[in-house]
1. For a quick protection proxy, order the peptides 419-429, 400-410 by their average other-Cβ count within 10 Å, most packed first.
2. Taking +1 at the Cβ of each Lys and Arg and -1 at the Cβ of each Asp and Glu, which of Ser241, Leu269, Gln314 sits farthest along the dipole of the range 229-317 towards its positive end, judged by Cα position relative to the Cα centre?
3. What value in Å³ per residue do you get for the convex hull of the alpha-carbon atoms in the range 1-145?
4. Just from the alpha-carbon atoms, what are the Rg and Dmax of the range 246-329 in angstroms?
5. Based on the Kirkwood radius over alpha-carbon pairs, what value in µm²/s does the Stokes-Einstein equation return for the translational diffusion coefficient of the chain at 4 °C and 1.567 mPa s?
6. Using the crude model of +1 on Lys and Arg Cβ and -1 on Asp and Glu Cβ, and no other charge, please compute the dipole size for the chain relative to its Cα centre, in debye to 20.
7. Starting from the Cα of Lys163, draw a straight line to each of the lysines and keep only those under 19 Å, dropping any in the same chain fewer than 8 residues away.
8. Cα-Cα pairs above 19 Å in the range 50-228: how many percent?
Amino acid sequence: MEAIKIDVSKVYGFIPKDEIYKLKDKTVAANKALHDKTGKGKDFLGWVNLPSSISEDHLADIEKTAARISPEIDILIIIGIGGSYLGAKAIVEALSDTFANLKNKNDKPYALFAGQNIGEDYLTELLELLDIKRYGIVVISKSGTTTEPAIAFRILKAHLENKVGTEKAKDLIVAVTDESKGALRMLADQEGYKSYIIPDDVGGRFSVLTPVGLVPLAIGGFDIRSLVKGAVDMENACDQSVPFENNIASQYAATRKALYSKGMKIEILANYENKLHYLAEWWKQLYGESEGKDGLGIFPANVDLTADLHSMGQYIQEGERILTETVISVATTKSRLTIPSDKDNLDKLNYLAGKNIDYVNKMAELGTMLAHVDGGVPNIKIEIPKISAYYLGQLMYFFEKACGISGYLLDVNPFNQPGVEAYKKNMFALLEKPGFEEETKKIKERL
Ligand code: PA5
């Protein structure tokens, strides 16, 4: 199997290799604790062996649902937020033709998202589009009670029922939620929607390979089998039995920990293929929510290059030296476009005539990496052979495994997110939600 690779050699100028290797035993122990379920948050480790436990029957069932719904719709609305949104969004963005909707490509439903914000204009504009399009809905919420997707679903469900009738709407809605708990489970059972279960032991940000990601991606026409295959191969490659020296998840986790201990408090994930923007958004949630607690954790940030070299490049090169950069480098593009020669050469680009665009991009990547290292920013390179469902499966599992190990190296529980409740409590108090009367009184006194 060709696999993604990691190169941490451009960190050694900042932290000697043996200092990273001093973390070897702890890293190996952390990986073992994930497999043995002996560490913090041990009830949420269902993702560790998830790829290899996905059955043929499960995939076939999801594909059957996709084959039933896809031909009936032009647009698939995927409703969810956080871990119930970002995985599918990352894959849709990475694998789609950027201009598919403007090219009127109708071979598969066009995936759009709702419930990832509370934007009134966004939802209104979406409804206007849905007035004139055939559409279906996948509504995703593990708790089944999250306010943002619940509001979006209430509105879109009513719109769809109004448009196609209550009975037909039931055929076009799929729910992905808990097996027995939560309002969405009750609603799905009551309405008789086709539904899929999110396993109890897999938290939102680790759930892309559960029905949370697989169902909307299959209906959207993406190759879920290759995605899963990539993840299975990476599950094996990052297994606890794989020695530290060859284990890329362990290498990444140990290097990040060493960098953090040296004061690198911000990690920028950089891409040179801007289709990976949402992959970085997914990564930010994975690492930010898993590590940012107990007053600890690297702050995950991201840049789309070379675009952001013309905005954030100055800071990265010369700002406060608390940054480390991780580049996702894509070895080959799927298309080839050559720069033409021009007889007048007024733009002085003839020196590039005959070269393809990706060659220029690669030189920008190399030059930037060297400049940033010279400027005091350590660099980790993660190379993927190409952007495909298979390699995204590898990459996402790799990041998940490294995140679990990394959280244990930091000695936090990487699988909870107590901090996200604070805003909800205030919002419910301000909205005067029943049951929050005391909080409402208190918050009003502060205004
Ligand atoms: O990672 C997480 O747990 C969160 O981001 C959740 O996925 C997010 O809050 C959505 O929750 P739910 O799926 O319960 O609606």
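Bear in mind these aren't lab numbers, they're just calculated from the coordinates by the rules spelled out. Please read all numbers here as calculations on a predicted model, not as lab measurements. Virtual Cβ from ideal backbone geometry, glycine too; neighbours counted across all protein chains shown.
1. Top of the packing list down: 400-410, 419-429.
2. Gln314
3. Working: hull volume 33.4 nm³, N = 145.
Once divided by residue count, the hull of the range 1-145 is 230 Å³.
4. Cα-based Rg and Dmax for the range 246-329 come out at 12.9, 37 Å.
5. Stokes-Einstein gives a translational diffusion coefficient of 55 µm²/s.
6. In total the dipole reaches around 320 debye.
7. By straight Cα distance, Lys163 reaches Lys133.
8. That tail contains 53 percent of the Cα-Cα pairs.
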